[in-house]
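Below is one structure, written out as structure tokens, with a few remarks after it.
We did not get these values from a lab; they are worked out from the coordinates using the rules stated. Remember, it's a predicted structure, so these values are computed and weren't measured experimentally. Here the Cβ positions follow ideal geometry from the backbone for every residue, glycine too, while neighbour counts run over all protein chains shown.
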Amino acid sequence: MNAIELERQVCAANYAPLPIMLSHGEGVWLTDVAGVKRLDMMSGYSAVSLGHGHPRILKVLSEQARKLTVTSRAFHSEPLGPFLAKLCAVSGQEMALPMNTGAEAVETAIKAARRWGYRVKGIADGKAEIIVADGNFHGRTTTIVGFSSDEGYRDGFGPFTPGFVNVPFGDAAAVEAAITPNTAAIMIEPIQGEAGIVVPPMGYLKRLRDLCDANNVLLILDEVQSGLGRTGRWFAHEHEGIRPDGLIVGKALGGGVYPVSAFLASRDVMRLFEPGSHGSTFGGNALAAAIGLEALNIIEEERLVERSAEHGAYMKRRLAAMTQGLARDVRGAGLWVGVDLDPSAASAKTVVSALAGAGVLTKETHETVIRFAPPLTISRAELDWGLDCCEAVFASFAG
Ligand code: PMP
């Protein structure tokens with residue numbers, strides 16, 4: 001039995017991986033067990049923004065692993081303060097609550113929003129509402145999928161947690177109409193990732209900021225996928241010059257080697273958590289904190305935010321040019337571009353398979369969108385190599 005068959009026998013089929021057995025990764029390249037090397041243009045859904053095996057991450061990983069790893073937060077550990085101080089500094093927030101996965105940090109934000117609704121805003125117990133957007137993706141817990149508009153995420157998993165109100169994404173008037181005295185928070189992705197890199201109209205976030213200010217509602221942004229340079233800014237909300245009341249970060253924060261996430265907010269919001277109110281055995285452990293700090297330092301010192309903006313604009317231009325006649329939309333920001341294919345041209349899955357055959361790993365979303373999200377460390381030459389492959393593949397579908 002080969003390794004793919006073994007995996008299929010014993011691993012739950014909750015994903016449908018391409019039949020490629022990867023063996024090792026270095027920088028932007030992934031090599032399979034047969035020795036075939038391909039360019040990684042999906043970066044583990046943005047978790048590998050620093051590329052595979054970044055030498056500085058590997059150094060911190062091994063040094064910290066030898067020194068101290070997990071003690072739980074029953075004790076203090078040296079790396080946690082510097083890590084969260086840096087995270088607060090780059091995000092303009094005051095305090096952080098460390099978790100492991102994106103979904104856990106989202107759950108943390110939901111808890112913060114509800115306590116804020118009851119304890120600060122005076123909403124009657126059990127009545128707090130959080131406004132969310134259709135097409136959202138915030139993770140896979142039962143509470144989170146409960147307010148997904150994707151039936152596939154929900155099917156057979158109910159009953160779900162009440163207290164969420166869905167509105168169309170990108171429509172500030174719909175948010176305004178949905179706000180009631182029981183609204184504690186609005187929680188959205190500034191650009192929807194899993195929905196297919198859906199960019200709302202410019203001015204949307206600013207309108208939401210104003211609505212939140214006028215109605216005493218928290219604006220919580222999930223930047224698990226869009227944050228840490230992916231869109232050409234440290235955080236996607238900077239494109240509109242606003243600051244959220246709560247910010248959710250994950251994925252790339254773990255340097256591509258470890259799950260590290262956090263919920264960030266003001267001191268006033270974070271005061272709502274007292275000892276015993278929330279936690280996680282692994283959240284904020286010394287190894288996670290050391291890696292998180294190094295990941296932030298690398299993003300800053302290697303100017304990955306600026307590089308994402310520069311290379312991203314170039315990548316989007318080239319992808320738009322090479323998919324003319326095949327795509328109905330090419331959208332995104334920074335090194336995060338969705339090519340939305342005309343359904344009559346080809347399915348995204350077919351193109352993704354062809355791209356993998358030609359040496360480029362990407363990921364489809366729904367039937368029509370292909371996501372391009374290479375590591376932010378990619379060089380222009382590597383990007384050109386990948387885009388040349390893409391050009392040949394798209395040309396074969398056009399012809
Ligand atoms: N929020 C957003 C915006 C995401 O894109 C994701 C993952 N795709 C999550 C939350 C969930 O993160 P995790 O898989 O680490 O729980």
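Just a few scattered comments:
- Note on Ala381 and Leu18: with the Förster distance fixed at 35 Å, the Cβ-Cβ geometry gives a FRET efficiency of about 0.85.
- When each of the peptides 269-276, 239-246 is scored by the mean number of other C-beta atoms lying within 10 Å of its residues, the order from highest to lowest reads 239-246, 269-276.
- Set of the stretch 28-72 residues, backbone N closer than 16 Å to the point 7 Å along the Cα-Cβ line of Ala392: 36-40
- Against the chain, whose longest principal axis is taken from its Cα atoms, helix 102-115 shows a tilt of about 20°.
- Unit charges on C-beta of K, R, D, E only; dipole of the chain, Debye: 620
- Residue-averaged [θ]222 nm for the chain, counting only DSSP H segments that reach four residues, each worth -39500 (n - 2.57): -11000 deg cm²/dmol
- In plain terms, if you count all Cα to Cα distances in the stretch 55-301 and split them into 5 Å steps from zero, the share in each step is 1, 7, 14, 19, 19, 17, 12, 7, 3, 1, 0 percent.
- J(HN,Hα) series, the stretch 54-71, from Karplus relation 6.51 cos²θ - 1.76 cosθ + 1.60, nearest Hz, glycine and proline x: 4, x, 5, 5, 4, 5, 5, 4, 6, 5, 5, 4, 6, 8, 6, 10, 10, 10
- Going from the residue with the fewest nearby Cβ atoms within 10 Å to the one with the most, Leu335, Leu287 rank Leu287, Leu335.
- Spin-label zone in the stretch 265-292 - amide nitrogen under 20 Å from a point set 7 Å from the Cα of Thr161 along the C-beta vector: 265-266, 269-284
- To the nearest ten degrees, helix 286-301 and the longest principal axis of the Cα atoms of the chain are 70 degrees apart.
- Residue among Ala327, Ala128, Ala12 with the largest mean-square fluctuation in a Gaussian network model of the chain, springs linking Cα atoms under 10 Å: Ala12
- Mean separation of Cα contacts under 8 Å, 6 or more apart, over the residue count of the chain: relative contact order %: 23
- Each Lys and Arg adds +1 at its Cβ and each Asp and Glu adds -1 at its Cβ; summed about the Cα centre, the stretch 20-113 shows a dipole of about 220 debye.
- Fraction of antiparallel bridges per DSSP, the chain only, in percent to nearest 5: 65
- Tally of Lys pairs whose C-alpha atoms are under 21 Å apart, taken over the chain, 8 or more apart or cross-chain: 13
- Whole-angstrom gap from the stretch 264-327 to the stretch 19-55, using each part's C-alpha centre: 19
- Among Ala288, Thr231, Tyr118 - extreme Cα towards positive end, dipole of the stretch 55-301, charges at beta-carbon: Ala288
- Dipole orientation for the chain: of the candidates Ala320, Leu383, Val257, Val257 has the Cα lying most toward the positive pole (charges on Cβ; Lys, Arg +1; Asp, Glu -1).
- Amide N proximity, the stretch 33-56 versus Ala85 label position 7 Å along Cα-to-Cβ, cut-off under 11 Å: none
- Size of electric dipole in the stretch 180-287: Cβ of Lys, Arg +1 and of Asp, Glu -1, about Cα centre, debye, nearest 20: 160
- Cα-based helix-to-principal-axis angle, 380-398 vs the chain, degrees rounded to 10: 70
- Selected from Ala85, Thr161, Val369, residue furthest toward positive end of dipole (the chain; charges at beta carbon): Ala85
- Mean-position separation - Cα centroids, the stretch 365-383 and the stretch 66-121, in angstrom: 30
- Each residue of the stretch 249-266 is assigned a 3J(HN,Hα), and the resulting list reads 10, x, 6, 4, 4, x, x, x, 10, 7, x, 9, 9, 7, 10, 10, 6, 6 Hz, derived from the Karplus form 6.51 cos²θ - 1.76 cosθ + 1.60 (θ = phi - 60°), x at Gly and Pro.
- The stretch 217-257 versus the stretch 189-215: alpha-carbon centroid distance in Å: 12
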